[in-house]
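Nothing in this text is a laboratory measurement; each read-out follows from the coordinates by a stated rule. Just so you know, these numbers come straight off a predicted model, no measurement behind them. Positions of Cβ are backbone-derived with ideal geometry, glycine not excepted, and every protein chain shown enters the neighbour counts.
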Amino acid sequence: MNNYLGIEIGGTKLQLVSGTADGVIAERTRFQVDAGEGAAAIRQRIEETIPKLIDQFHPTAIGVGFGGPVNRQTGHIAKSHQVEGWSEFPIVDWLTGLSALPTLVENDANTAALGEATCGAGRGKNPVFYINMGSGIGGGLVVGACVYHGQSPGETEIGHIRLTAKETLEDRCSGWVVDRRIREAVAAHPDSLLARNVSGDDCSEARFLLQSMNDGDADARRIFSDTTRDIAFALSHVTHLFHPEVIVLGGGLSLIGEPFRDAIGAALSKFIMEVFLPGPQVVLAKLTEDAVPVGALVLAATSRKQHAD
């Protein structure tokens, strides 16, 4: 069985894995990314790590999931919104030069979508839509085991779907926005159950929503309800346009778990035309932090096949 290299380049972490196209990771090297060090530091770690993985596992291709927009035609990074020094960098040519291996690059949301569709919660389903709800909101559509792009330079940017004339889904439901709403609720009601649960924590406040809801906190219920309703509304547009068999919920907000999935699924059914009911199955991501590296392994297998053809 062929081995491949998968690389995840994000704003907070760098992962290099060796494994197979069915998502089995044999070796993983992970680094924390210091945005202040810039892209050059990330590239140096990649340069130091790739020869070791090649010597040990003899991969036949490389796939890259990058945390930002990419130009698939040129193999260049368009931009990183978190780390300076990536704009217009020729990552495919650079990696091919380092490794002598065929290489493909996708943005991280598309790569995660490919991982979940082929090896995760969407396996055996078609089409598969993946939504990543983290600091921002991204998405990917996989049709027939291939990432759907549309006319270049198109992507399935669900985070930029407008909920109103002035607000996008990302404006209302990104992890940063949900955390901010929780902080505002805590400041307004410092004696609330939500405030008590969040006390002493200065990040990822959304992880306290479920506990606070179960404790009976009204602000937590409101924020949870507003967020899941808005996400479901955006996903209703995806459903009416693409009719995925399954929608996979990923990213930090999805870690709230089954109540989060249940609420989105219930709200989604109310926004879908009756003729299309019951609508797509809504599931939680299975690969979690491995979605991008596993997707990168699948992408690498695609790269090898294209190179052979």
Please grab the % of Cα pairs in region 56-173 that end up more than 18 Å from each other.
-> 58 percent
Diffing region 157-165: the Karplus 3J(HN,Hα) column from phi (6.51, -1.76, 1.60, θ = phi - 60°), in whole Hz with x for Gly and Pro, holds 7, 5, x, 9, 5, 8, 8, 9, 4
Kindly provide the chymotrypsin sites (Phe, Trp or Tyr not before Pro) of region 246-285 that DSSP labels as loop, not H, G, I, E or B, and whose Cβ sees at most 10 other Cβ atoms within 10 Å.
-> none
To the nearest 500 deg cm²/dmol, what mean residue ellipticity at 222 nm is calculated for the chain from DSSP H runs of n ≥ 4 alone, each contributing -39,500 (n - 2.57), summed and divided by the residues?
-> -13000 deg cm²/dmol
Ordered by fewest other Cβ atoms within 10 Å, a rough proxy for footprinting exposure, I54, I91 read I54, I91
For region 128-196, alpha-carbon Rg over 2.2 N^0.38 Å = 1.50
If a/c stays under 1.5 just call it rounded; otherwise compare a/b with b/c (prolate if a/b is bigger, oblate if not). Do that for region 1-129, with a ≥ b ≥ c from the square roots of the Cα gyration tensor eigenvalues.
-> oblate
Dividing the mean separation of Cα pairs under 8 Å (6+ apart) by the residue count of the chain yields a relative contact order in percent of 23 percent
So, relative contact order of region 102-163 in percent, Cα under 8 Å, 6 or more apart, is 28 percent
Got a sec? How would I247, I231 order by Cβ neighbour count within 10 Å, fewest to most?
-> I231, I247
Across all Cα atoms of region 124-285, Rg and the largest Cα-Cα distance (Dmax), in Å, are 16.3, 52
When only Cα pairs under 8 Å and 6 or more residues apart are kept, what is the percent relative contact order across region 135-249?
-> 21 percent
Residue exposure sequence - E48, E170 - by fewest surrounding Cβ within 10 Å = E48, E170
Sequence-distant lysines (8 or more away, or on other chains) whose Cα lies within less than 20 Å of K13 = K52, K79, K286
For percent of Cα pairs over 38 Å apart, the listed values are (i) 29; (ii) 16; (iii) 38; which was obtained by calculation from the structure presented?
-> (ii)
Tilt of helix 258-271 relative to the longest C-alpha principal axis of the chain, in degrees (0 to 90, nearest 10)?
-> 80 degrees
Between beta-carbons, use under 12 Å as the cut-off and find the net charge around V105, counting Lys and Arg +1, Asp and Glu -1.
-> -3
